[in-house]
Each structure stands twice: as structure tokens, then as C-alpha cells.
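Structure record follows, encoded as C-alpha cells.
The values are calculated or read from the model by the stated rules, or taken from the named source; none is laboratory data. Owing to the predicted nature of the structure, the values given are computational and were not obtained by experimental measurement. In this analysis, Cβ positions are derived from the backbone assuming ideal geometry, glycine residues included, and neighbour counts consider all displayed protein chains. To get the accessible areas, we keep the full protein, side chains included, count just its heavy atoms, and leave off ligands, DNA and RNA. Shrake-Rupley method; radii C 1.70, N 1.55, O 1.52, S 1.80 Å.
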Amino acid sequence: MFFHIVLERNMQLHPRHFGPHLRDKLVSKLIKDVEGTCSGRHGFVVAITGVEDIGKGLIREGTGYVTFPVKYQCVVFRPFKGEILEAVVTMVNKMGFFAEAGPVQIFVSNHLIPDDMEFQSGDVPNYTTSDGSLLVCLLR
């Protein structure tokens, strides 16, 4: 579910940011550009935990921008099929229910809910069994 991995990214920086705080500018731009994004291969980037290496910059002709290869450590969230997650139910309706587990929004169709469960509408929509036990409920 959560993994600590090393990734690389090419960061472009405008010449006005060159100077004694170049590294700080690159790191803050990396955090702004990468944290909270998702890639199909690695999952959701939750946080950058460290910068391992900033390579030598390469000047882009005609623009003055410099491209720096940056190697960084980060925590990613990547759930797998069949994995059990703790989630917060956000909506319950006759079609099923929605829940959130961190940055992931989950929908469970009523076709996947056991047959002995029945949708109950009202002030607090929920799925209950014939004996009254509760499967899913949205508390307001």
C-alpha cells in the first residue's frame, strides 16, 4: 500500500533562480510539482522525504532554462487488487456506496454487496441485513 521509493525527474529552472539558493529553489519546485500527483506505474506521491542527488544542469538553447536531473526519495500510495483498505464512506445510495481511502475514491456497486443486504433509504441511508445488522452507513 505505502512504499518508500527512489524516483528521478528532470527539473527546468529559469536563470533568475540561479545563485546561492539554487538547491532550495529546485527542491521547493520539485515538491510543488510532484507531491499529490499520480502515475500509473508508481501510484500517488504522498510526500517527498529527501533529495539524493541533483546532477549537472544542461542549458536549453534559445530559452536560457537549465534542466537538472534530480534523484529523490518519496512515499507513494499504491493499492493493489484484492488489498483490504480502511476507508471512510462518503455517500450511500441504491446503486452502491462511495468511500475514500487517502487520495483514492472507491465505488462499490450494489451487485458486489451480498444478496441478503438491502438498501434502506431515509435520514441515514444504509445497507442492512434482515436481522438488522449494518454493513454500510454514512454518519452525518
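Below, the figures for the structure above:
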| item | result |
| --- | --- |
| Relative contact order for the chain, counting Cα pairs under 8 Å that sit 6 or more residues apart, in percent | 20 |
| Dipole magnitude (debye, nearest 20) for the chain, charges at Cβ of Lys, Arg, Asp, Glu | 1040 |
| Helix 22-34 axis, angle to the chain major axis (alpha carbon atoms, nearest 10°) | 30 |
| Inter-site label distance for H111 and T49 at 7 Å from Cα along Cβ, in nm | 4.0 |
| Value at 222 nm in deg cm²/dmol, rounded to 500, when DSSP H runs of n ≥ 4 in the chain each add -39,500 (n - 2.57) | -3000 deg cm²/dmol |
| Where only C-alpha atoms are counted, convex hull volume of segment 1-82 per residue in Å³ | 91 |
| Lysine pairs within segment 27-140, Cα separation less than 27 Å, 8 or more sequence positions apart or different chains | 6 |
| Estimated distance in nm for a label pair at Q73 and R9, the labels positioned 7 Å out from Cα along Cα-to-Cβ | 1.8 |
| Under DSSP loop assignment and at most 10 Cβ neighbours within 10 Å, longest GluC sites (Glu not before Pro)-free interval of the chain | 1-60 |
| Percent antiparallel among DSSP beta bridges (both partners in segment 40-140, rounded to 5) | 100 |
| Sulfur and carbon atoms: percent of accessible area, segment 69-135 [1.4 Å] | 54 |
| Whole-number accessible area per residue in Å² for segment 36-89, which is evaluated in the context of all protein chains at 1.4 Å | 66 |
